[in-house]
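These notes concern the structure reproduced below.
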Ligand code: NAI
């Protein structure tokens with residue numbers, strides 16, 4: 001299926017943050033664009049914002065001046081939809097209300113040519129619900145851009161129950177022709193990105209609710225160890241807690257109260273207090289003038305050991321042992337290991353498997369046991385999050401901390417929560433992604449592309465599952481499930497099937 005031709009006139013309704021960005025993208029691709037809004041002032045502002053943005057790119061040497069000016073000339077602010085009656089692609093980015101959007105679609109159906117495609121930029125409403133009662137529901141599709149539309153690569157192309165496959169394919173090809181990465185999604189709560197991202201915020205808030213660590217420590221762990229561009233708390237502050245909380249609520253409600261998406265009391269309190277994040281000067285962190293920037297609680301320097309022992313060949317242990325090898329003698333113990341670990345003065349440092357260190361120490365009769373969290377790359381991580389078992393002697397812990405510090409790692413001690421922060425979050429993101437694939441909402445390829453380009457995750461979730469080993473992810477989820485005994489941590493059947501069958505998502 002091919003994209004709509006550049007001769008196609010495009011109508012964008014809603015000249016706010018999203019609508020003006022989308023108009024800019026379409027005009028830059030060569031289309032004549034009509035920009036409409038109920039507020040004439042918004043149209044004026046929108047056109048001015050586009051011109052300013054394009055000229056700024058010229059001044060930075062990123063855009064040719066002639067192209068910028070011809071793009072600006074292709075955008076026409078209009079005050080009634082009838083002025084756009086030649087348009088055969090309309091994209092609405094108006095207020096997020098089902099009744100208002102449906103009224104607009106009725107009007108568009110009677111104003112635009114019969115073959116026109118009517119697209120919605122909604123981020124939370126059902127495309128199926130938007131089309132109910134229309135005479136041509138098969139021409140309606142979701143075209144979900146991300147903010148800011150000119151910069152963010154991803155477009156989710158959302159099909160409602162009635163959407164014609166050719167319409168979705170045309171919009172997909174059009175988004176690609178406009179320089180975007182497009183993915184197909186079947187209309188369902190949160191589509192891909194806003195659904196799969198829920199655990200990123202939720203697990204951090206759960207760990208905080210258990211008072212295992214301060215937000216700045218959890219943020220640093222997710223950024224420095226797991227490679228996310230921002231930590232969950234700083235990202236929520238950036239998005240705005242009112243917006244983030246509303247998305248969580250809408251997914252929770254749309255899924256009939258599935259506890260997996262349960263909103264957090266902590267965030268509800270922030271919203272109630274008006275601590276909405278950066279925009280209100282205060283959220284999880286304080287942004288007011290003179291406020292002290294948050295810092296992770298790194299452990300103070302300790303004495304390290306001169307010798308360590310590596311038991312087994314588990315890759316994360318080997319990578320850490322290699323780093324310790326620069327500052328200590330590493331004895332690589334041959335033969336099969338009953339417990340794969342790095343042994344430091346009798347204490348055992350082991351990768352987190354979803355159990356608490358305390359439970360594992362008891363089960364393995366090894367009191368001086370310390371678990372470490374998931375990292376994207378143990379060979380280069382600047383930081384390591386660890387948790388000792390309650391049974392662990394403080395001298396043993398000190399020695400492990402000191403040895404890791406000698407190898408140049410910042411060490412964060414967090415309370416002994418199951419799955420720590422990185423492993424539990426990544427496992428839950430993977431679980432959510434697998435659930436969507438199983439339900440036929442999107443393919444594994446599209447889920448991964450959506451999370452890489454819509455949220456800049458360091459890996460697509462299912463690619464990450466393949467890399468970690470699906471069985472390890474399933475084991476971690478099962479242990480979380482056993483620990484909390486909440487349906488929240490139930491494993492997606494497809495994930496379990498892959499683990500049992502020894503298959504990957506991307507073979
Ligand atoms: P906005 O508030 O900046 O702009 C909305 C514009 O629509 C306003 O200028 C308003 O006057 C106009 N409007 C309202 N009702 C109208 C009507 N009946 N006809 C014509 N114009 C009307 O909102 P924003 O942020 O641009 O969001 C617009 C849409 O894009 C919403 O559906 C939202 O969910 C979606 N979206 C927003 C994202 C964001 O980060 N802001 C990201 C992706 C999607």
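The values are calculated or read from the model by the stated rules, or taken from the named source; none is laboratory data. Computed from a predicted model, the values in this text were never measured in an experiment. With ideal geometry, Cβ positions are generated from the backbone for all residues, glycine too; neighbour counts draw on all protein chains shown.
Does the range 177-199 contain any residue that is surrounded by fewer than 24 Cβ atoms within 10 Å (Cβ to Cβ), out of contact with any helix residue (DSSP H, G or I) (no Cβ under 8 Å at 6 or more places or on another chain) and in a helix (DSSP H, G or I)?
Checked against the condition, which is being surrounded by fewer than 24 Cβ atoms within 10 Å (Cβ to Cβ), out of contact with any helix residue (DSSP H, G or I) (no Cβ under 8 Å at 6 or more places or on another chain) and in a helix (DSSP H, G or I), the range 177-199 yields at least one hit.
Working carefully through the options 365, 377, find the one that is under 26 Å from residue 461 (Cβ atoms) and not assigned by TED's automatic domain parsing to the domain that holds residue 470.
After applying the criteria, what remains is 377.
With the condition kept exactly as written, say whether any residue in the range 26-37 is assigned by TED's automatic domain parsing to the domain that holds residue 104, in a helix (DSSP H, G or I) and within 11 Å of the ligand (Cβ to nearest atom).
Filtering the range 26-37 for residues assigned by TED's automatic domain parsing to the domain that holds residue 104 gives 26-37.
Going one step further and asking which of them are in a helix (DSSP H, G or I), we end up with 26-28.
Those left that are additionally within 11 Å of the ligand (Cβ to nearest atom): none.
Scanning the range 26-37 turns up no residue that is assigned by TED's automatic domain parsing to the domain that holds residue 104, in a helix (DSSP H, G or I) and within 11 Å of the ligand (Cβ to nearest atom).
With respect to residue 56, determine if the residue is more than 13 Å from the ligand (Cβ to nearest atom) and either outside any loop (DSSP other than H, G, I, E, B) or in contact (Cβ under 8 Å) with a residue 40 or more places away in the chain (or both).
Working: more than 13 Å from the ligand (Cβ to nearest atom): yes; either outside any loop (DSSP other than H, G, I, E, B) or in contact (Cβ under 8 Å) with a residue 40 or more places away in the chain (or both): yes.
It is true that residue 56 is more than 13 Å from the ligand (Cβ to nearest atom) and either outside any loop (DSSP other than H, G, I, E, B) or in contact (Cβ under 8 Å) with a residue 40 or more places away in the chain (or both).
Within the range 124-145, can you find the residues that are within 26 Å of the chain's Cα centre (by Cα) and buried (at least 22 other Cβ atoms within 10 Å of the Cβ)?
Of the residues in the range 124-145, the ones within 26 Å of the chain's Cα centre (by Cα) are 124-130, 141-145.
Answer for the range 124-145, where residues must be within 26 Å of the chain's Cα centre (by Cα) and buried (at least 22 other Cβ atoms within 10 Å of the Cβ): 127, 130, 141, 142, 143, 144, 145.
Residues 252, 228, 238, 233: which one is over 27 Å from residue 23 (Cβ atoms), surrounded by fewer than 21 Cβ atoms within 10 Å (Cβ to Cβ) and in the same structural domain as residue 483 (by TED's automatic domain parsing)? Give the derivation first.
Values: 228 fails: surrounded by fewer than 21 Cβ atoms within 10 Å (Cβ to Cβ); 238 fails: over 27 Å from residue 23 (Cβ atoms); 233 fails: surrounded by fewer than 21 Cβ atoms within 10 Å (Cβ to Cβ).
Result of the check over 252, 228, 238, 233: 252.
If you check every pair at least six apart or on different chains, which have Cβ atoms under 7 Å apart with a residue in the range 101-120 that is in contact (Cβ under 8 Å) with a residue 40 or more places away in the chain first and a residue that is more than 13 Å from the ligand (Cβ to nearest atom) and assigned to a helix (DSSP H, G or I) second?
Matching pairs, first to second residue: 117/139; 117/167; 117/170; 117/171; 119/171.
Name every residue in the range 31-53 that is in contact with a strand residue (DSSP E or B) (Cβ under 9 Å, 6 or more places away or on another chain) and in contact (Cβ under 8 Å) with a residue 60 or more places away in the chain, in order of residue number.
Selection gives nothing.
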